[in-house]
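One structure below.
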Amino acid sequence: RELVTPYPENGEEAKFSIGFQIGLYLNGIENMPENYTRDIIYKPEVQDIIQKTSMYNKTDYDDLPSDMGVGPALVTIETADGRSLTKEQIYPVGHLTNPMSDQQIYEKYLKCSESIIGKENAENVENMQIVTKLTY
């Protein structure tokens, strides 16, 4: 439902491109906001994967309850030697039915915050208490 951009041209579109996501993974590029740039999108090895990726609607999932949230994902990779590899993920990591561990959440927080506030500050936030004083 969310991966609706087959050929991204900018970072915002790349967030919603399954081909880009697979291109990052297969090229060992971390799936992080700082890599959602035109330079990364247009790397020949990433573009190669984007161009080889196609999406289709699997009608088996059409009647899922609307309160389910995100829908299942089914990925099939056809290899050059003719093999077909398939993986289905009903709920993504982080969904209420497939929650992230506290350690996974902390690691994701560090990855997302270090480039903005620095490693030391990111690590210190965990130990910091924030006090707000209201004045009237």
How high is the relative contact order of the chain, in percent, counting Cα pairs under 8 Å that sit 6 or more residues apart? 15
Starting from the amide H of residue 100, placed 1.01 Å from N in the peptide plane, find each other amide H under 5 Å away whose residue is 5 or more places distant or on another chain. 94
Rounded to the nearest 10 degrees, what's the angle between the helix 102-117 long axis and the longest principal axis of the chain, both from Cα atoms, 0 to 90? 80
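Applying 1/(1 + (r/R0)^6) with R0 = 30 Å to the Cβ-Cβ distance of residue 39 and residue 4, what FRET efficiency is obtained, to the nearest 0.05?
Numbers: r = 23 Å, r/R0 = 0.76.
Here the calculated transfer efficiency is 0.85.
Here, each number is a calculation from the coordinates, and none is a lab measurement. Since this is a predicted model, take the numbers as computed values, not measurements. Heads up, the Cβs are rebuilt from the backbone with ideal geometry, glycines too, and the neighbour counts pull from every protein chain shown.
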